[in-house]
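K.L.:
Before anything else, here's the structure in question.
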Amino acid sequence: MKNGKFITLGIETSCDETAAAITADGRQLLSNAINSQIDIHTEFGGVVPEIASRKHLENINSTIDKALKDADVDIEDVDLIGVTYGPGLVGALIIGVAAAKSIAYACDIPLVGVNHMHGHIAAAYLEHPDLEPPFMALVVSGGHTNIVNVPAYNMCEKLGETRDDAAGEAFDKIARVIGLGYPGGPKIDRAAREGNKEAVAFKRVYLEPDSFDFSFSGLKTQALNYLNSERQSGRKINVSDIAASFQEAVVEVVADKAIAAAVKYNQNRLVMAGGVASNTRLRELIALKAAKHDIEVLKPSSILCTDNGAMIATAAYYAYMDGDRAGFDLEADPALQF
Ligand code: KG4
Ligand code: ZN
(Lines give C-alpha, C1' and ligand atoms only; values in the text may rest on other atoms or scores of the structure.)
(Ligands and ions follow the chains in the order given, each with its own letter.)
Protein backbone atom coordinates (compact mmCIF):
# COMPACT_ATOMS: atom_id res chain seq x y z
CA MET A 1 0.00 0.00 0.00
CA LYS A 2 1.11 3.51 -0.62
CA ASN A 3 -0.78 6.54 0.74
CA GLY A 4 -3.60 4.15 1.66
CA LYS A 5 -3.93 2.92 -1.92
CA PHE A 6 -3.73 -0.66 -3.23
CA ILE A 7 -0.71 -0.88 -5.54
CA THR A 8 -0.63 -3.30 -8.50
CA LEU A 9 2.34 -4.06 -10.73
CA GLY A 10 1.28 -5.25 -14.19
CA ILE A 11 3.70 -7.11 -16.48
CA GLU A 12 3.15 -7.75 -20.20
CA THR A 13 5.48 -9.62 -22.60
CA SER A 14 3.11 -11.51 -24.91
CA CYS A 15 4.45 -10.16 -28.20
CA ASP A 16 6.94 -7.41 -29.04
CA GLU A 17 6.57 -4.91 -26.18
CA THR A 18 8.28 -5.44 -22.86
CA ALA A 19 5.92 -3.54 -20.59
CA ALA A 20 5.36 -2.90 -16.88
CA ALA A 21 3.07 -0.45 -15.12
CA ILE A 22 1.84 0.56 -11.70
CA THR A 23 -1.77 1.34 -10.80
CA ALA A 24 -3.27 2.60 -7.53
CA ASP A 25 -6.65 1.24 -6.41
CA GLY A 26 -6.96 -0.64 -9.69
CA ARG A 27 -7.53 2.12 -12.16
CA GLN A 28 -5.40 5.12 -11.29
CA LEU A 29 -2.36 4.98 -13.56
CA LEU A 30 0.89 5.87 -11.79
CA SER A 31 3.35 4.73 -14.46
CA ASN A 32 3.38 2.92 -17.79
CA ALA A 33 6.84 1.76 -18.93
CA ILE A 34 6.96 0.29 -22.44
CA ASN A 35 10.11 -0.92 -24.14
CA SER A 36 9.06 -1.48 -27.74
CA GLN A 37 11.00 -3.80 -30.03
CA ILE A 38 9.26 -2.53 -33.14
CA ASP A 39 12.43 -1.08 -34.72
CA ILE A 40 14.24 -4.39 -34.38
CA HIS A 41 11.42 -6.47 -35.91
CA THR A 42 10.78 -3.93 -38.68
CA GLU A 43 14.05 -5.03 -40.28
CA PHE A 44 12.54 -8.51 -40.70
CA GLY A 45 9.07 -7.38 -41.79
CA GLY A 46 7.35 -8.87 -38.75
CA VAL A 47 7.86 -10.15 -35.23
CA VAL A 48 10.61 -12.79 -35.01
CA PRO A 49 9.67 -14.88 -31.95
CA GLU A 50 13.23 -15.83 -30.95
CA ILE A 51 14.38 -12.21 -31.07
CA ALA A 52 11.31 -11.12 -29.11
CA SER A 53 12.13 -13.60 -26.30
CA ARG A 54 15.77 -12.52 -26.21
CA LYS A 55 14.86 -8.83 -26.04
CA HIS A 56 12.26 -9.44 -23.32
CA LEU A 57 14.93 -11.22 -21.30
CA GLU A 58 17.35 -8.31 -21.75
CA ASN A 59 14.79 -5.63 -20.91
CA ILE A 60 12.36 -7.07 -18.40
CA ASN A 61 14.21 -6.07 -15.21
CA SER A 62 14.97 -2.52 -16.33
CA THR A 63 11.37 -2.05 -17.53
CA ILE A 64 9.97 -3.16 -14.17
CA ASP A 65 12.48 -0.89 -12.37
CA LYS A 66 11.42 2.01 -14.57
CA ALA A 67 7.72 1.41 -13.82
CA LEU A 68 8.45 1.44 -10.06
CA LYS A 69 10.68 4.50 -10.29
CA ASP A 70 8.29 6.50 -12.50
CA ALA A 71 5.46 5.76 -10.06
CA ASP A 72 7.67 6.61 -7.07
CA VAL A 73 6.78 3.23 -5.59
CA ASP A 74 9.08 0.70 -3.86
CA ILE A 75 8.64 -3.01 -4.41
CA GLU A 76 7.64 -3.26 -0.71
CA ASP A 77 4.61 -1.05 -1.51
CA VAL A 78 3.31 -3.47 -4.15
CA ASP A 79 0.20 -5.44 -3.03
CA LEU A 80 -0.34 -7.48 -6.17
CA ILE A 81 1.50 -8.59 -9.30
CA GLY A 82 -0.52 -9.28 -12.45
CA VAL A 83 1.13 -10.89 -15.46
CA THR A 84 -0.04 -11.85 -18.94
CA TYR A 85 0.15 -15.65 -19.23
CA GLY A 86 -1.55 -15.99 -22.64
CA PRO A 87 -2.41 -15.84 -25.45
CA GLY A 88 0.78 -14.86 -27.26
CA LEU A 89 4.21 -16.09 -28.27
CA VAL A 90 5.25 -18.83 -25.86
CA GLY A 91 8.89 -17.79 -25.53
CA ALA A 92 7.87 -14.17 -24.97
CA LEU A 93 5.19 -15.02 -22.40
CA ILE A 94 7.59 -17.22 -20.42
CA ILE A 95 9.88 -14.25 -19.70
CA GLY A 96 7.10 -12.15 -18.15
CA VAL A 97 5.65 -15.07 -16.21
CA ALA A 98 9.07 -16.06 -14.85
CA ALA A 99 9.83 -12.47 -13.81
CA ALA A 100 6.44 -12.09 -12.11
CA LYS A 101 6.75 -15.40 -10.25
CA SER A 102 10.31 -14.59 -9.11
CA ILE A 103 9.35 -11.20 -7.67
CA ALA A 104 6.14 -12.58 -6.13
CA TYR A 105 8.14 -15.37 -4.46
CA ALA A 106 11.09 -13.23 -3.34
CA CYS A 107 8.95 -10.38 -1.99
CA ASP A 108 5.94 -12.45 -0.86
CA ILE A 109 3.43 -10.61 -3.04
CA PRO A 110 0.19 -12.21 -4.31
CA LEU A 111 0.16 -13.11 -8.01
CA VAL A 112 -2.62 -13.20 -10.61
CA GLY A 113 -2.32 -14.53 -14.18
CA VAL A 114 -4.10 -12.30 -16.71
CA ASN A 115 -5.59 -13.20 -20.07
CA HIS A 116 -4.08 -10.68 -22.50
CA MET A 117 -7.46 -10.17 -24.19
CA HIS A 118 -9.19 -9.37 -20.88
CA GLY A 119 -6.35 -6.89 -20.37
CA HIS A 120 -7.15 -5.07 -23.62
CA ILE A 121 -10.75 -4.60 -22.45
CA ALA A 122 -9.65 -3.48 -18.95
CA ALA A 123 -7.62 -0.65 -20.55
CA ALA A 124 -10.93 1.22 -20.82
CA TYR A 125 -11.26 1.38 -17.00
CA LEU A 126 -8.06 3.43 -16.86
CA GLU A 127 -9.19 5.98 -19.38
CA HIS A 128 -12.81 6.20 -18.20
CA PRO A 129 -12.92 6.41 -14.40
CA ASP A 130 -16.73 6.06 -14.25
CA LEU A 131 -17.00 3.05 -16.56
CA GLU A 132 -18.58 -0.01 -14.96
CA PRO A 133 -19.89 -3.22 -16.53
CA PRO A 134 -22.17 -4.17 -18.24
CA PHE A 135 -20.99 -3.08 -21.69
CA MET A 136 -20.12 -4.50 -25.11
CA ALA A 137 -16.47 -4.67 -26.19
CA LEU A 138 -14.76 -4.91 -29.54
CA VAL A 139 -11.21 -6.23 -29.35
CA VAL A 140 -9.31 -5.86 -32.61
CA SER A 141 -5.60 -6.60 -32.58
CA GLY A 142 -2.86 -8.28 -34.57
CA GLY A 143 -3.91 -11.69 -33.30
CA HIS A 144 -7.61 -11.31 -32.49
CA THR A 145 -10.88 -9.87 -33.70
CA ASN A 146 -13.50 -10.41 -31.01
CA ILE A 147 -16.86 -9.10 -29.95
CA VAL A 148 -17.23 -9.60 -26.21
CA ASN A 149 -20.10 -9.06 -23.83
CA VAL A 150 -18.83 -7.85 -20.44
CA PRO A 151 -21.60 -8.41 -17.86
CA ALA A 152 -19.41 -7.82 -14.78
CA TYR A 153 -15.84 -7.04 -13.73
CA ASN A 154 -13.67 -10.09 -14.41
CA MET A 155 -16.29 -11.67 -16.72
CA CYS A 156 -16.01 -11.81 -20.51
CA GLU A 157 -18.43 -13.66 -22.80
CA LYS A 158 -17.06 -14.01 -26.31
CA LEU A 159 -19.88 -13.61 -28.87
CA GLY A 160 -17.78 -13.68 -32.00
CA GLU A 161 -14.24 -14.20 -33.27
CA THR A 162 -12.36 -14.40 -36.52
CA ARG A 163 -12.46 -17.76 -38.25
CA ASP A 164 -9.14 -17.13 -39.98
CA ASP A 165 -7.01 -13.94 -40.00
CA ALA A 166 -7.31 -11.19 -37.43
CA ALA A 167 -8.07 -7.68 -38.72
CA GLY A 168 -4.59 -6.41 -37.76
CA GLU A 169 -2.95 -9.42 -39.39
CA ALA A 170 -4.82 -8.66 -42.65
CA PHE A 171 -3.69 -5.03 -42.49
CA ASP A 172 -0.09 -6.09 -41.85
CA LYS A 173 -0.10 -8.55 -44.75
CA ILE A 174 -1.55 -6.16 -47.34
CA ALA A 175 0.71 -3.32 -46.15
CA ARG A 176 3.69 -5.57 -46.78
CA VAL A 177 2.68 -6.47 -50.34
CA ILE A 178 1.93 -2.86 -51.30
CA GLY A 179 5.32 -1.85 -49.95
CA LEU A 180 4.27 0.08 -46.85
CA GLY A 181 6.24 -2.17 -44.52
CA TYR A 182 5.71 -3.18 -40.92
CA PRO A 183 3.71 -2.60 -38.77
CA GLY A 184 1.11 -2.32 -41.49
CA GLY A 185 -1.98 -1.13 -39.61
CA PRO A 186 -0.81 2.41 -38.78
CA LYS A 187 0.77 2.75 -42.24
CA ILE A 188 -2.43 1.70 -44.03
CA ASP A 189 -4.33 4.10 -41.75
CA ARG A 190 -2.07 6.98 -42.79
CA ALA A 191 -1.92 6.11 -46.52
CA ALA A 192 -5.72 5.67 -46.64
CA ARG A 193 -6.26 9.30 -45.67
CA GLU A 194 -4.96 10.32 -49.10
CA GLY A 195 -6.82 7.57 -50.98
CA ASN A 196 -10.23 6.89 -52.49
CA LYS A 197 -12.07 4.20 -50.50
CA GLU A 198 -14.27 3.39 -53.50
CA ALA A 199 -11.35 2.89 -55.90
CA VAL A 200 -11.42 -0.93 -55.63
CA ALA A 201 -14.60 -2.88 -54.84
CA PHE A 202 -13.29 -5.27 -52.21
CA LYS A 203 -15.84 -7.68 -50.78
CA ARG A 204 -17.49 -7.35 -47.37
CA VAL A 205 -17.74 -10.73 -45.67
CA TYR A 206 -20.61 -10.93 -43.17
CA LEU A 207 -20.93 -14.76 -42.90
CA GLU A 208 -24.31 -16.08 -41.67
CA PRO A 209 -27.02 -13.60 -40.67
CA ASP A 210 -26.74 -12.85 -36.92
CA SER A 211 -23.20 -14.23 -36.77
CA PHE A 212 -20.73 -12.10 -34.86
CA ASP A 213 -17.80 -14.03 -36.35
CA PHE A 214 -15.41 -12.58 -38.91
CA SER A 215 -13.43 -13.86 -41.89
CA PHE A 216 -10.76 -11.79 -43.58
CA SER A 217 -8.79 -14.42 -45.51
CA GLY A 218 -11.04 -14.22 -48.60
CA LEU A 219 -10.65 -10.44 -48.68
CA LYS A 220 -6.91 -10.80 -48.29
CA THR A 221 -6.78 -13.24 -51.24
CA GLN A 222 -8.96 -10.93 -53.33
CA ALA A 223 -6.56 -8.05 -52.63
CA LEU A 224 -3.50 -10.17 -53.45
CA ASN A 225 -5.10 -11.36 -56.73
CA TYR A 226 -6.04 -7.80 -57.63
CA LEU A 227 -2.48 -6.60 -57.02
CA ASN A 228 -1.03 -9.45 -59.09
CA SER A 229 -3.31 -8.81 -62.04
CA GLU A 230 -2.65 -5.05 -61.94
CA ARG A 231 1.09 -5.66 -61.86
CA GLN A 232 0.91 -8.22 -64.66
CA SER A 233 -1.00 -5.83 -66.90
CA GLY A 234 1.67 -3.22 -66.23
CA ARG A 235 -0.65 -0.78 -64.48
CA LYS A 236 0.78 1.40 -61.75
CA ILE A 237 -0.58 0.61 -58.31
CA ASN A 238 -2.05 3.50 -56.35
CA VAL A 239 -1.01 2.62 -52.80
CA SER A 240 -3.31 5.15 -51.10
CA ASP A 241 -6.38 3.99 -53.05
CA ILE A 242 -5.71 0.33 -52.26
CA ALA A 243 -5.06 1.16 -48.60
CA ALA A 244 -8.30 3.17 -48.38
CA SER A 245 -10.40 0.54 -50.21
CA PHE A 246 -8.97 -2.39 -48.25
CA GLN A 247 -9.31 -0.58 -44.94
CA GLU A 248 -12.93 0.30 -45.71
CA ALA A 249 -13.79 -3.35 -46.48
CA VAL A 250 -12.34 -4.43 -43.11
CA VAL A 251 -13.65 -1.67 -40.87
CA GLU A 252 -17.16 -1.53 -42.34
CA VAL A 253 -17.81 -5.15 -41.37
CA VAL A 254 -16.15 -4.74 -37.96
CA ALA A 255 -18.17 -1.60 -37.21
CA ASP A 256 -21.48 -3.14 -38.38
CA LYS A 257 -21.05 -6.28 -36.29
CA ALA A 258 -19.93 -4.45 -33.16
CA ILE A 259 -22.94 -2.12 -33.29
CA ALA A 260 -25.30 -5.03 -34.10
CA ALA A 261 -24.03 -6.89 -31.02
CA ALA A 262 -24.54 -3.88 -28.76
CA VAL A 263 -28.08 -3.44 -30.11
CA LYS A 264 -28.93 -7.14 -29.76
CA TYR A 265 -27.71 -7.30 -26.16
CA ASN A 266 -29.23 -3.95 -25.23
CA GLN A 267 -25.92 -2.38 -24.31
CA ASN A 268 -25.69 1.35 -24.65
CA ARG A 269 -21.90 1.41 -24.34
CA LEU A 270 -19.29 -0.02 -26.66
CA VAL A 271 -15.65 -0.22 -25.57
CA MET A 272 -13.04 -0.41 -28.32
CA ALA A 273 -9.77 -2.15 -27.53
CA GLY A 274 -6.63 -3.59 -29.14
CA GLY A 275 -4.13 -2.11 -31.59
CA VAL A 276 -6.57 -1.79 -34.49
CA ALA A 277 -8.97 0.20 -32.27
CA SER A 278 -6.72 3.18 -32.88
CA ASN A 279 -7.56 3.04 -36.61
CA THR A 280 -8.90 6.45 -37.59
CA ARG A 281 -11.52 5.23 -40.04
CA LEU A 282 -12.78 2.47 -37.74
CA ARG A 283 -13.27 5.03 -34.97
CA GLU A 284 -15.05 7.40 -37.34
CA LEU A 285 -17.40 4.73 -38.73
CA ILE A 286 -18.25 3.29 -35.32
CA ALA A 287 -18.99 6.76 -33.98
CA LEU A 288 -21.35 7.41 -36.91
CA LYS A 289 -23.17 4.10 -36.58
CA ALA A 290 -23.31 4.24 -32.78
CA ALA A 291 -24.89 7.70 -32.82
CA LYS A 292 -27.86 6.28 -34.73
CA HIS A 293 -28.56 3.85 -31.87
CA ASP A 294 -27.68 6.14 -28.96
CA ILE A 295 -24.67 4.01 -28.13
CA GLU A 296 -21.77 5.68 -26.34
CA VAL A 297 -18.38 4.65 -27.71
CA LEU A 298 -15.42 4.52 -25.33
CA LYS A 299 -12.00 4.57 -26.91
CA PRO A 300 -8.80 4.33 -24.92
CA SER A 301 -5.98 6.52 -26.22
CA SER A 302 -3.55 4.83 -28.62
CA ILE A 303 -0.95 4.16 -25.93
CA LEU A 304 -3.52 2.14 -23.95
CA CYS A 305 -4.89 0.41 -27.10
CA THR A 306 -1.59 -1.21 -28.03
CA ASP A 307 0.05 -3.68 -25.64
CA ASN A 308 0.97 -2.23 -22.24
CA GLY A 309 1.37 -3.26 -18.61
CA ALA A 310 -1.28 -0.86 -17.30
CA MET A 311 -4.14 -2.82 -18.83
CA ILE A 312 -2.74 -5.98 -17.24
CA ALA A 313 -2.49 -4.30 -13.81
CA THR A 314 -6.13 -3.18 -14.00
CA ALA A 315 -7.42 -6.56 -15.14
CA ALA A 316 -5.35 -8.21 -12.38
CA TYR A 317 -6.82 -5.90 -9.74
CA TYR A 318 -10.42 -6.83 -10.60
CA ALA A 319 -9.52 -10.52 -10.92
CA TYR A 320 -7.88 -10.40 -7.46
CA MET A 321 -10.88 -8.60 -5.94
CA ASP A 322 -13.01 -11.40 -7.44
CA GLY A 323 -10.88 -14.02 -5.66
CA ASP A 324 -8.46 -15.08 -8.41
CA ARG A 325 -5.01 -16.18 -7.21
CA ALA A 326 -2.16 -17.82 -9.14
CA GLY A 327 0.38 -20.20 -7.64
CA PHE A 328 4.05 -20.58 -8.52
CA ASP A 329 2.94 -23.28 -10.96
CA LEU A 330 1.50 -20.57 -13.24
CA GLU A 331 2.64 -21.34 -16.78
CA ALA A 332 2.53 -19.47 -20.07
CA ASP A 333 -0.43 -20.63 -22.17
CA PRO A 334 0.14 -19.40 -25.76
CA ALA A 335 -3.29 -20.57 -26.96
CA LEU A 336 -5.29 -19.33 -23.96
CA GLN A 337 -8.93 -18.73 -24.95
CA PHE A 338 -11.13 -15.82 -23.87
O1 KG4 B 1 -3.00 -5.04 -29.68
P2 KG4 B 1 -1.73 -4.96 -30.42
O3 KG4 B 1 -0.76 -3.88 -30.09
O4 KG4 B 1 -0.94 -6.29 -30.36
C5 KG4 B 1 -1.57 -7.54 -30.42
O6 KG4 B 1 -1.76 -8.01 -31.58
O7 KG4 B 1 -1.94 -8.06 -29.34
O8 KG4 B 1 -2.14 -4.84 -31.97
C9 KG4 B 1 -1.20 -4.77 -32.99
C10 KG4 B 1 -1.95 -4.73 -34.33
C11 KG4 B 1 -1.02 -4.79 -35.53
O12 KG4 B 1 -1.54 -5.70 -36.47
C13 KG4 B 1 -1.05 -3.37 -36.08
O14 KG4 B 1 -0.83 -3.32 -37.47
C15 KG4 B 1 -2.47 -2.95 -35.71
O16 KG4 B 1 -2.68 -3.48 -34.42
N17 KG4 B 1 -2.65 -1.50 -35.67
C18 KG4 B 1 -3.48 -0.82 -36.49
C19 KG4 B 1 -3.35 0.55 -36.17
N20 KG4 B 1 -2.44 0.68 -35.14
C21 KG4 B 1 -2.05 -0.61 -34.85
N22 KG4 B 1 -4.29 -1.26 -37.46
C23 KG4 B 1 -5.00 -0.33 -38.14
N24 KG4 B 1 -4.92 1.00 -37.91
C25 KG4 B 1 -4.12 1.49 -36.93
N26 KG4 B 1 -4.05 2.81 -36.72
ZN1 ZN C 1 -2.48 -7.08 -27.67
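The values are calculated or read from the model by the stated rules, or taken from the named source; none is laboratory data. It should be emphasised that the depicted structure is a prediction, and the values quoted were computed from it without experimental measurement. Here the Cβ is made from the backbone with ideal geometry for all residues, glycine too, and neighbour counts use every protein chain on show. With ligands, DNA and RNA removed, areas are computed over all heavy atoms of the protein, side chains included. Shrake-Rupley method; radii C 1.70, N 1.55, O 1.52, S 1.80 Å.
K.L.:
Run down THR280, THR221 and say which single residue is touching an Asp or Glu at 6+ places or on another chain (Cβ under 6 Å) and either open to solvent by less than 30 Å² (accessible area, probe 1.4 Å) or not basic (Lys, Arg) (or both).
P.N.:
None of the others qualify; the one that does is THR280.
K.L.:
Which condition breaks for VAL90 when tested against (1) open to solvent by 50 Å² or more (accessible area, probe 1.4 Å); (2) in contact with a Pro (Cβ under 6 Å, 6 or more places away or on another chain); (3) away from ligand 2 (no atom under 16 Å from the Cβ)?
P.N.:
Tallying (1) open to solvent by 50 Å² or more (accessible area, probe 1.4 Å); (2) in contact with a Pro (Cβ under 6 Å, 6 or more places away or on another chain); (3) away from ligand 2 (no atom under 16 Å from the Cβ), VAL90 fails exactly one: (3).
K.L.:
Could you grab me the full set of residues in segment 20-54 that are small (Gly, Ala, Ser), more than 16 Å from ligand 2 (Cβ to nearest atom) and assigned to a loop (DSSP other than H, G, I, E, B)?
P.N.:
GLY26, GLY45
K.L.:
Among the listed residues ASP172, ASP165, ASP256, identify the single one that is surrounded by 15 or more Cβ atoms within 10 Å (Cβ to Cβ), in contact with a Phe, Trp or Tyr (Cβ under 6 Å, 6 or more places away or on another chain) and of a type in the set (Asp, Glu).
P.N.:
Among ASP172, ASP165, ASP256, only ASP165 is surrounded by 15 or more Cβ atoms within 10 Å (Cβ to Cβ), in contact with a Phe, Trp or Tyr (Cβ under 6 Å, 6 or more places away or on another chain) and of a type in the set (Asp, Glu).
K.L.:
Can you tell me which of PRO151, PRO110, PRO133 is more than 10 Å from ligand 1 (Cβ to nearest atom) and either in contact with a Lys or Arg (Cβ under 7 Å, 6 or more places away or on another chain) or among the polar types (S, T, N, Q) (or both)?
P.N.:
After ruling out the rest, the residue left standing is PRO110.
K.L.:
Can you confirm whether ILE60 is surrounded by fewer than 21 Cβ atoms within 10 Å (Cβ to Cβ) and of a type in the set (A, V, I, L, M)?
P.N.:
no
K.L.:
Could you list all residues from segment 1-53 that are β-branched (Val, Ile, Thr) and more than 20 Å from VAL90 (Cα to Cα)?
P.N.:
ILE7, THR8, ILE22, THR23, THR42
K.L.:
Next question. So in segment 158-211, with the set limited to residues that are among the hydroxyl-bearing types (Ser, Thr, Tyr) and in contact with a Lys or Arg (Cβ under 9 Å, 6 or more places away or on another chain), which one is nearest to PHE44 (Cα to Cα)?
P.N.:
Out of the qualifying residues, it is TYR182.
K.L.:
Moving on to the next point. Restricting segment 299-333 to residues that are farther than 23 Å from TYR105 by Cα and surrounded by fewer than 19 Cβ atoms within 10 Å (Cβ to Cβ), which is farthest from ligand 2 (Cβ to nearest atom)?
P.N.:
SER301
K.L.:
Find the residue count for segment 216-225, including only residues that are more than 12 Å from VAL177 (Cα to Cα) and part of a helix (DSSP H, G or I).
P.N.:
Of the residues in segment 216-225, 4 are more than 12 Å from VAL177 (Cα to Cα) and part of a helix (DSSP H, G or I).
K.L.:
Counting only residues that are within 16 Å of ligand 2 (Cβ to nearest atom) and either without any contact (Cβ under 8 Å) to a residue 12 or more places away in the chain or assigned to a strand (DSSP E or B) (or both), how many does segment 148-193 have?
P.N.:
4
K.L.:
Any chance segment 226-241 includes a residue that's more than 16 Å from ligand 2 (Cβ to nearest atom), among the basic types (Lys, Arg), within 20 Å of the chain's Cα centre (by Cα) and in a helix (DSSP H, G or I)?
P.N.:
The answer is no, given that none of the residues of segment 226-241 is more than 16 Å from ligand 2 (Cβ to nearest atom), among the basic types (Lys, Arg), within 20 Å of the chain's Cα centre (by Cα) and in a helix (DSSP H, G or I).
K.L.:
OK, next. State the number of residues belonging to segment 68-85 that are surrounded by fewer than 21 Cβ atoms within 10 Å (Cβ to Cβ) and under 22 Å from the mean Cα position of the chain (by Cα).
P.N.:
Of the residues in segment 68-85, 0 are surrounded by fewer than 21 Cβ atoms within 10 Å (Cβ to Cβ) and under 22 Å from the mean Cα position of the chain (by Cα).
K.L.:
To continue, here is another question. Looking only at segment 45-54, decide whether some residue is at pLDDT 95 or above and open to solvent by less than 10 Å² (accessible area, probe 1.4 Å).
P.N.:
no
K.L.:
A follow-up question, please. Name the pairs whose Cβ atoms lie under 8 Å apart, with the first residue in segment 199-214 and over 12 Å from ASP256 (Cα atoms), the second of a type in the set (Asp, Glu), and 6 or more positions between them or separate chains?
P.N.:
ALA199/ASP241; VAL200/ASP241; PHE202/GLU248; LEU207/ASP213
K.L.:
Still on this model: Quick one: which residue in GLY143, GLY160 is within 22 Å of VAL297 (Cα to Cα) and touching an Asp or Glu at 6+ places or on another chain (Cβ under 8 Å)?
P.N.:
The unique qualifying residue is GLY160.
K.L.:
Would you check which residues across segment 124-157 are in contact with a helix residue (DSSP H, G or I) (Cβ under 7 Å, 6 or more places away or on another chain) and aliphatic (A, V, I, L, M) and list them?
P.N.:
LEU126, LEU131, MET136, ALA137, LEU138, VAL139, VAL140, ILE147, VAL148, VAL150
K.L.:
Name the residue that is nearest to GLY179 (Cα to Cα), counting only residues in segment 1-19 that are within 16 Å of ligand 1 (Cβ to nearest atom) and part of a strand (DSSP E or B).
P.N.:
In this case the residue turns out to be GLU17.
K.L.:
Select from segment 250-273 the residues that are closer than 19 Å to PRO134 by Cα and either within 16 Å of ligand 2 (Cβ to nearest atom) or assigned to a helix (DSSP H, G or I) (or both) and list them in ascending order.
P.N.:
Matches in segment 250-273: LYS257, ALA258, ILE259, ALA260, ALA261, ALA262, VAL263, LYS264, VAL271, MET272, ALA273.
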